[in-house]
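Down below is the structure, laid out as structure tokens.
Each reported figure results from applying straightforward, stated rules to the coordinates on display, with no laboratory input. Fair warning: this is a prediction, and the values are worked out from it, not measured in the lab. When we count neighbours, we look across all protein chains shown, and the Cβ atoms used for this are built from the backbone with ideal geometry, even at glycine.
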Amino acid sequence: MVKAIANSNLLRHLFIIVLGILMLYPVLWLVSSSFKPNQLIFSEPGLWPKEWTFNNYVKGWAGFQGISFGQFFLNSAMISILCVLGNIITCSLAAFAFARLKFKLSKLWFALMIVTIMLPYHVTLIPQYIIFSELNWLNTYYPLIVPKWLATDSFFILLMVQFIRGIPRELDESAIIDGCNLRSIYVRIMLPLLLPALITTAIFTFIWTWDDFFSQMIYISKIDLFTVQLGVRALFDPSGSSDWGALLAMSALSLIPISLIFMFFQKYFLEGIATTGFK
């Protein structure tokens, strides 16, 4: 019986390992091909390059039209960090209000907020574009950053509301007895206890913002404002004369920030998802 269970566990782990390798194969191929000369990228199927070259990274980092990829990385980092701060601050404030405060039509506003999660982004794209155009915000980062400072990501508000509802109200009442006001309760009690949910929000926001291509393509057309995703897209030539080595090299580099973020904060990420679900 014990041997049968051990064999079953072994087969299960082997299946998971094989499945993981299959899922990682595109990433491994991307990294491997970034070190191959252009003429071998599609003609050599193996993952281990027969001929190594770092020229792809040199050419890719040089960028184009006098602007290096370093500038694109700085642009993406600035946008992502500001979006993370915006979502953490405003979504936590909105969640605190929905979970702890009593105000007129609170249930209706909460229901409307939940409904917006089901709205596809493309439904609101044209009205948003018109608004931002009237504000002369095109070819600026405002359309990408300002909405995050207005608590527009309902998913994160819902995530934090569920988390806060699992925190005993007795903590609030004890704080009020000790002379705390709502601001002190939010800063001194809620924020420290919300840390797992806040880190989950930060990770998701950073990854989604860093990987965002569609919104950045809509609102940004100046090369000096390009993000990493737009820079990688600019290296692609539909006519077929693309420098695939440089394109794959910069694509590989673009994966490093989000991989490091998830790697270092994975513990808090899983804790935030698990505790939110249970509570």
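At 7 Å along the Cα-to-beta-carbon direction for both residue 118 and residue 259, put a label point, then send me their distance in nm to one decimal.
Between residue 118 and residue 259, the label points sit 3.9 nm apart.
Kindly provide the trypsin sites (Lys or Arg not before Pro) of segment 104-207 that DSSP labels as loop, not H, G, I, E or B, and whose Cβ sees at most 16 other Cβ atoms within 10 Å.
104
Mind putting a number on the dipole of the chain about its Cα centre? Charges go on the C-beta only, +1 for Lys and Arg and -1 for Asp and Glu, and I need it in Debye to the nearest 20.
700 debye
What FRET efficiency, computed as 1/(1 + (r/R0)^6) with R0 = 30 Å and r the Cβ-Cβ distance, is obtained for residue 223 and residue 42, rounded to the nearest 0.05?
That gives a FRET efficiency of 0.60.
Any idea which of 27, 217, 263 is furthest toward the positive side of the dipole for the chain, if Lys and Arg beta-carbons carry +1 and Asp and Glu beta-carbons -1?
My answer, from the dipole projection, is 263.
Please work out whether the chain counts as rounded, prolate or oblate from its C-alpha gyration tensor, where a ≥ b ≥ c are the square roots of the eigenvalues and a/c under 1.5 means rounded, while otherwise a/b larger than b/c means prolate and anything else oblate?
oblate
Looking at 66, 122, 105, which one has the Cα that reaches farthest to the positive end of the dipole of segment 1-143 (charges on Cβ: Lys, Arg +1; Asp, Glu -1)?
105
Quick one: length gained pulling residue 55 to residue 125 fully straight, 0.36 nm per residue minus the C-alpha distance? Before the final figure, lay out each step's value.
On the way: separation 70, 0.36 × 70 = 25.20 nm, distance 3.99 nm.
The residue 55-residue 125 span can extend by a further 21.2 nm.
Can you pull out the chymotrypsin sites (Phe, Trp or Tyr not before Pro) in segment 49-129 that DSSP calls coil and that have at most 13 other Cβ atoms within 10 Å?
Loop-located and lightly packed - 52, 54, 103.
Where the centroid of each part is defined by its Cα atoms, how far is segment 27-44 from segment 196-233 in Å?
Between the Cα centre of segment 27-44 and that of segment 196-233, the gap is 26 Å.
Shape call for segment 24-94 from the C-alpha gyration tensor, a ≥ b ≥ c root eigenvalues: rounded (a/c under 1.5), prolate (a/b greater than b/c) or oblate?
Working: a/c = 5.18, a/b = 1.97, b/c = 2.63.
Oblate.
With runs of 4+ DSSP H residues as the only contributors, calculate the mean residue ellipticity of the chain at 222 nm using -39,500 (n - 2.57) per run, divided by the residue total and rounded to the nearest 500.
Helix-only estimate at 222 nm: -22500 deg cm²/dmol.
Please work out whether segment 2-57 counts as rounded, prolate or oblate from its C-alpha gyration tensor, where a ≥ b ≥ c are the square roots of the eigenvalues and a/c under 1.5 means rounded, while otherwise a/b larger than b/c means prolate and anything else oblate?
It comes out prolate by the Cα gyration axes.
Report the one residue of 246, 16, 203 whose Cα lies farthest in the direction of the positive end of the charge dipole of the chain (charges on C-beta: Lys and Arg +1, Asp and Glu -1; origin at the Cα centre).
16
Tell me which chymotrypsin sites (Phe, Trp or Tyr not before Pro) from segment 133-226 have a DSSP coil assignment and no more than 15 other beta carbons within 10 Å of their own.
Working: sites: 137, 141, 149, 155, 156, 163, 186, 204, 206, 208, 210, 213, 214, 219, 226; in loops: 137, 141, 213, 226.
Counting only loop positions with at most 15 other Cβ atoms within 10 Å, the chymotrypsin sites (Phe, Trp or Tyr not before Pro) in segment 133-226 are 213.
Please compute the modelled spin-label separation between residue 81 and residue 30, points set 7 Å along Cα→Cβ, answer in nm with one decimal.
Simple spin-label model gives 2.4 nm for this pair.
Tell me, what is the percent relative contact order of the chain, built from C-alpha pairs under 8 Å that lie six or more residues apart?
Reported relative contact order: 31 percent.
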